[in-house]
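The values are calculated or read from the model by the stated rules, or taken from the named source; none is laboratory data. Remember, predicted model here, so these are calculated numbers, not experimental data. Because the Cβ atoms are built from the backbone with ideal geometry, glycine has one as well, and the counts that use them run over all protein chains shown.
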Amino acid sequence: MRILIAVTGGSGAMFAVDFVRRCPGEKHLVFSRWGKYVLRQELDLTPADLSPHVEGILTDHDLSQTFSSGTNPLDAMVVIPCSSTTLGKIASGIGDTFITRAAAVTLKERRRLILVLRETPLSTIQLKAAAEASAAGAIVMPLCPPFYFRPERLQDIVTPFVDHLMSLVGVPTGRQWEAPQPSGAED
């Protein structure tokens with residue numbers, strides 16, 4: 001499986017790092033300027049810290065790179081976290097950065113694009129952009145981790161969300177996504 005992982009400036013870098021580290025396959029990584037900033041602020045990491053887990057780290061300012069064209073196909077592109085600005089550009093067809101151009105190519109080639117939206121609350125403009133991206137073929141996956149599994153530590157929140165994301169990409173994780181059955185509780 002060939003995956004492009006884009007990290008933009010929304011909060012939630014730990015979800016991106018976990019996905020990069022655990023998702024198998026040929027992975028290529030790109031950070032927006034603000035994605036690099038948030039990675040440093042939240043985790044004290046740099047893109048270079050993730051290089052052992054990917055085939056290569058691309059730059060967001062060079063639109064001539066691999067995946068800027070449909071002649072270099074991907075199986076999937078994941079934007080995690082996806083800022084509302086990136087969502088808006090993708091939904092509007094604006095390809096002014098490598099990330100938004102690669103997303104436009106992914107959509108036009110009818111390949112899997114997953115936008116892990118990290119924003120709350122959502123304005124009407126953002127909701128419309130999410131609907132437009134979805135109508136164009138993207139999967140909009142808000143960064144809302146499940147709590148069914150009674151997390152006791154931060155990683156217990158990150159792991160099930162990333163497992164769900166990997167299943168959407170097409171990677172089996174073995175985790176069952178069934179909520180625990182209520183024990184006699186009334187609605």
> Looking at this structure, is Leu143 farther than 16 Å from Ser92 by Cβ, among the aliphatic types (A, V, I, L, M) and surrounded by 14 or more Cβ atoms within 10 Å (Cβ to Cβ)?
Replying inline: yes
> With respect to the numbered conditions (1) part of a loop (DSSP other than H, G, I, E, B); (2) loosely packed, with under 14 Cβ neighbours inside 10 Å; (3) modelled with pLDDT of 90 or more, which one is the sole condition not fulfilled by Ala131?
Replying inline: (1)
> Checking Thr86 against (1) more than 16 Å from Ile5 (Cα to Cα); (2) assigned to a helix (DSSP H, G or I); (3) of a type in the set (S, T, N, Q), which test does it fail?
Replying inline: (1)
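Counting just the residues of the range 102-119 that are among the charged types (D, E, K, R) and touching a strand residue (DSSP E or B) at 6+ places or on another chain (Cβ under 8 Å), which one comes out modelled with the lowest pLDDT? Even if it seems obvious, please write down each step before you answer.
So the first thing to find is which residues in the range 102-119 are among the charged types (D, E, K, R), and the list is 108-112, 118-119.
Within this subset, residues satisfying the condition of being touching a strand residue (DSSP E or B) at 6+ places or on another chain (Cβ under 8 Å) are 111-112, 118.
Working: Arg111: 97, Arg112: 98, Arg118: 92.
Restricting to residues being among the charged types (D, E, K, R) and touching a strand residue (DSSP E or B) at 6+ places or on another chain (Cβ under 8 Å), the top hit is Arg118.
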>> Exactly one condition in (1) assigned to a helix (DSSP H, G or I); (2) surrounded by 15 or more Cβ atoms within 10 Å (Cβ to Cβ) is false for Ala48; which is it?
In response: (2)
>> Tally up the residues in the range 16-33 that are assigned to a helix (DSSP H, G or I), more than 15 Å from the chain's Cα centre (by Cα) and more than 15 Å from Ile57 (Cβ to Cβ), please.
In response: 0
> Got a number for residues in the range 134-151 being at pLDDT below 95 and more than 19 Å from Ser83 (Cβ to Cβ)?
Replying inline: 6
> Looking at Glu55, Glu42, which one is under 23 Å from Met141 (Cα atoms) and among the acidic types (Asp, Glu)?
Replying inline: Glu42
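Identify the residue in the range 4-27 that is of a type in the set (Val, Ile, Thr) and under 17 Å from Gln155 (Cβ atoms) and, among all such residues, is surrounded by the fewest Cβ atoms within 10 Å (Cβ to Cβ). Spell out the reasoning first.
Taking the range 4-27 first, the residues of a type in the set (Val, Ile, Thr) are 5, 7-8, 17, 20.
Those left that are additionally under 17 Å from Gln155 (Cβ atoms): 17, 20.
Values: Val17: 21, Val20: 23.
In this case the residue turns out to be Val17.
Determine whether the range 61-71 contains at least one residue that is in contact with a Pro (Cβ under 9 Å, 6 or more places away or on another chain) and not polar (S, T, N, Q). Break it down stepwise before answering.
Step one: list which residues in the range 61-71 are in contact with a Pro (Cβ under 9 Å, 6 or more places away or on another chain), which gives 67.
Next, only the ones that are not polar (S, T, N, Q) stay: 67.
Yes, there is a match, as at least one residue in the range 61-71 is in contact with a Pro (Cβ under 9 Å, 6 or more places away or on another chain) and not polar (S, T, N, Q).
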